[in-house]
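For reference, the structure is listed below as structure tokens.
Every read-out reported here was derived from the displayed coordinates using simple, explicitly stated rules and does not represent laboratory data. It should be emphasised that the depicted structure is a prediction, and the values quoted were computed from it without experimental measurement. Cβ atoms come from the backbone with ideal geometry, glycine included; neighbour counts cover every protein chain shown.
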Amino acid sequence: MKRVVVGLSGGVDSSVAAYLLQQQGYEVIGLFMKNWHDDSVTISNDCPWLEDSNDALLVAEKLGIPFQTVDLSEEYKEKIVDYMFNEYEKGRTPNPDVLCNREIKFDVFMKIALSLGADYVATGHYCKKSEIEVNGETMYQLLAGADNNKDQSYFLCQLSQEQLSKSLFPIGELTKPEVREIAAEMELVTAEKKDSQGLCFIGKVRLPEFLQQKLQPKEGSIIQIEKDDAVYTIEEQEGLSTEKVLALASNKIAYTPEMGKIVGKHQGAHYFTIGQRKGLNVGGNKDPLFIIATNVETNTIYTGLSSQHPGLFRKGLFIEKSEVHWIRTDMTLDNGEEMEVMARIRYRQPLQAATLHQFENGMYVSFREPQSAITEGQFVAWYIEDELVGSGVIS
């Protein structure tokens, strides 16, 4: 019997994952990760991790599996929270969930599980894993989950072959309603529990309040740029190299306050992200204002009217060399090579046709259609059919 440690989060997905593994004959151990206990930044009085760990314990008791809690709050603070503050301070928008999987669940947590003699770690992610042989070597594949509506492969886009080799995703073939049905049949306490919102493991925290712990509010201007501004007319230039053309399509526009008019004030550019429309508190327009750029050096936010404003769209993005990550290491591109893929720049975005272009200093991803709100610090992930083969941080 192979031993599997399941990350029991106190939610329905991981509960059913544990049950299914038990049905398949594995020896199952439940572990709950406690990743946060700084109550000064949770904004609701209910302590989410306590309730979650109780639910996880009840599920383990119901299934008759051993259970314990591991406190990873120090590692979480160092690898996730500090990183988030640093990124926001630089005016980038990190994705804590992708990072949490790479650095915590499938690294720190996985090492604890293996030290308990586990052969595998299992989670309640909606994705699938398979393996193929390439040149006599086993390659692990990360595949989209069967439930199109819930596919979570994107959140695992930074995993390595080594991490995948020791991972199991028992609910990948199921849809969410099927998972809830199994939980109800088994009378698991989590069967009706709502999906958790908020930061991975921190619970019910509103991001601006969370960021204000470290990043002090300071007043700045909200500037509106007209959609027909001259900055959006791109003149065709002859004789440019492919790399230069891609760079022009990927570079963000350098806005200055003189280009537009001041329409309001904000309390800190680092609390805002591109594509955001809530929280600006600027009225008087029939179309909503969207953020098209932020500048944390000058503490300025640039906005445009409507979701179709040209300032929101770009056809390409760049990933620095050190940030290009291949899950399928056998598919890595050499300098000067290209690859046709389907890609997404955020979770739940429908896949978009794109071409990868590898150069000496990094990779350009050029999209067939312009993409709205390409955001620095977020991850772009690329697929071939339903297999996620690589990803990178948008620079």
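The table below gives the values:
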{"quantity": "Fewest-first sequence of Asp334, Asp71 by Cβ atoms within 10 Å of each Cβ", "calculated": "Asp334, Asp71"}
{"quantity": "Packing rank of 370-377, 98-105, where each peptide gets the mean count of other beta carbons within 10 Å, highest leading", "calculated": "98-105, 370-377"}
{"quantity": "Relative contact order of the chain, pairs being alpha-carbon contacts under 8 Å that are 6 or more residues apart, as %", "calculated": "16 percent"}
{"quantity": "Paramagnetic reach from Arg368 in segment 328-362 [backbone N under 19 Å; point 7 Å along Cα→Cβ]", "calculated": "338-346, 349-357"}
{"quantity": "GNM result for the chain, Cα springs below 10 Å: residue of Glu226, Glu133, Glu178 fluctuating most strongly", "calculated": "Glu133"}
{"quantity": "Gyration tensor verdict on the chain (Cα atoms; rounded if a/c is under 1.5, prolate if a/b is larger than b/c, oblate otherwise)", "calculated": "oblate"}
{"quantity": "Amide proton proximity set for Ala122, modelled H, under 5 Å, gap of 5+", "calculated": "Val5, Val6, Gly7, Leu168"}
{"quantity": "Straight-distance crosslink candidates among aspartates and glutamates, where the alpha carbon sits under 13 Å from Lys227 and sequence neighbours closer than 8 are dropped", "calculated": "Asp287"}
{"quantity": "Euclidean distance of C-alpha centroids, segment 91-112 and segment 324-395, integer Å", "calculated": "20 Å"}
{"quantity": "Taking His325, His270, His125 and counting other C-beta atoms within 10 Å, the order from fewest to most", "calculated": "His325, His270, His125"}
{"quantity": "Whether segment 218-395 is rounded, prolate or oblate, judged on the alpha carbon gyration tensor where a/c under 1.5 counts as rounded", "calculated": "prolate"}
{"quantity": "Net length gained if the chain between Lys90 and Glu178 were fully extended (0.36 nm per residue, minus Cα distance)", "calculated": "27.4 nm"}
{"quantity": "Calculated [θ] (222 nm, deg cm²/dmol) that DSSP helices of n ≥ 4 give over the chain, each run adding -39,500 (n - 2.57)", "calculated": "-5500 deg cm²/dmol"}
{"quantity": "Exceeding the 26 Å Cα-Cα cut-off - candidates Lys77/Lys129; Lys150/Lys286; Lys79/Lys278; Lys77/Lys111; Lys79/Lys176; Lys194/Lys286", "calculated": "Lys77/Lys129; Lys150/Lys286; Lys79/Lys278; Lys79/Lys176; Lys194/Lys286"}
{"quantity": "Efficiency of FRET from Cβ geometry, Leu351 and Ser306, R₀ 35 Å, rounded to 0.05", "calculated": "0.90"}
{"quantity": "Computed over segment 3-211: relative contact order in percent, which uses C-alpha pairs under 8 Å that are six or more apart", "calculated": "28 percent"}
{"quantity": "Three-way shape label, segment 3-211, alpha-carbon gyration tensor, a/c 1.5", "calculated": "oblate"}
{"quantity": "Proximal lysines to Lys315, defined as alpha-carbon separation beneath 16 angstrom and excluding residues fewer than eight positions away on the same chain", "calculated": "Lys244, Lys252"}
{"quantity": "Alpha-carbon centroids, segment 155-187 and segment 229-244: separation in whole Å", "calculated": "46 Å"}
